[in-house]
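Enquirer: Here it is, the structure, as structure tokens.
The values are calculated or read from the model by the stated rules, or taken from the named source; none is laboratory data. For clarity, every value in this text was computed on a predicted model and none was experimentally measured. Cβ placement follows ideal geometry from the backbone for every residue including glycine, while neighbour counts extend to all protein chains displayed.
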Amino acid sequence: MQQGDTPAPKFDVRLEPASVNEGEKLSLKCHVSGSAPLSIQWMKDRRELKSSGNTKITFVGGMACLEISSVSKTDAGDYLCKASNAIGSDFCKSRVTVRGNKITVAKPEEAIAQPPALVCELSKAVADVKWFKDGKEITPSKNIAISTDGKKRILMVRKAEKANIGAYTCDCGSDKTTANLNIEGKTSEGHEEDVGMKESCDIKIFFIFKYF
């Protein structure tokens, strides 16, 4: 709607659907034209949003922006940006999806020529991961080393022995996966996540966990 030379607000760049990993930054942007003064209002699931510790709302040069520095699953939903002035209003919407941590296992042949370790790669560097063998939590020992390298969580078996045969689980809290570790010559089900190795030697083939 327009009155004389005073235009009502109109979004010429509208919000788009967004999908982010849990813990990552969410940025929603749209651009509106119209006569000043313009009032901008953000809403999520019909509840108004304000700038707070984790949420920043700005409006500069016609660009309306909402940023959440570290999203959680509760940030998923329908977002709306509304622009108003004395003549009228306009709005645009975005559906935001937050992906939880999900783990997949690479095929053993994809892991050849990597360091001798079981590696869990995270989507974010700050996350708690626990390792289990046959349902029992693993703690560092003379033969087992657990370390962190950026987004990677590494479990190293220094010497492969019969006692190391079993099902190893990487658990990030919201998701987990298990792969079987077998010694060469032992019975194997032949699953692609099974890992073969020679008895009493360093592990040469391992599996990789990846978040996406």
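Enquirer: With Val32, Val20 as the choices, which residue is touching a Lys or Arg at 6+ places or on another chain (Cβ under 8 Å), among the β-branched types (Val, Ile, Thr), in a strand (DSSP E or B) and closer than 30 Å to Lys151 by Cβ? Break it down into steps so the answer makes sense when it comes.
Expert: Working: Val32 fails: closer than 30 Å to Lys151 by Cβ.
Result: Val20 is the single residue among Val32, Val20 that is touching a Lys or Arg at 6+ places or on another chain (Cβ under 8 Å), among the β-branched types (Val, Ile, Thr), in a strand (DSSP E or B) and closer than 30 Å to Lys151 by Cβ.
Enquirer: Here's another thing I want to ask about it. Applying the selection to segment 20-32, what residues are at pLDDT below 95 and in contact with a strand residue (DSSP E or B) (Cβ under 6 Å, 6 or more places away or on another chain)?
Expert: Val20, Asn21, Glu22
Enquirer: I need the full set of residues from segment 35-62 which are in contact (Cβ under 8 Å) with a residue 40 or more places away in the chain, surrounded by fewer than 16 Cβ atoms within 10 Å (Cβ to Cβ) and either outside the structural domain of Ser72 (by TED's automatic domain parsing) or not in a strand (DSSP E or B) (or both), in order please.
Expert: Ala36, Pro37
Enquirer: Which numbered condition in (1) at pLDDT 95 or above; (2) in contact with a Lys or Arg (Cβ under 9 Å, 6 or more places away or on another chain) is the only one that Ser84 fails?
Expert: All conditions are met except number (2).
Enquirer: Can you tell me which residue within segment 119-157, out of those that are among the charged types (D, E, K, R) and assigned to a strand (DSSP E or B), is modelled with the lowest pLDDT?
Expert: First, the residues of segment 119-157 that are among the charged types (D, E, K, R): 121, 124, 128, 130, 133-134, 136-137, 142, 149, 151-153.
Among the residues that remain, those that are also assigned to a strand (DSSP E or B) are: 121, 130, 133, 136-137, 149, 152-153.
Numbers: Glu121: 74, Lys130: 88, Lys133: 90, Lys136: 93, Glu137: 93, Asp149: 82, Lys152: 78, Arg153: 80.
Top of the filtered list is Glu121.
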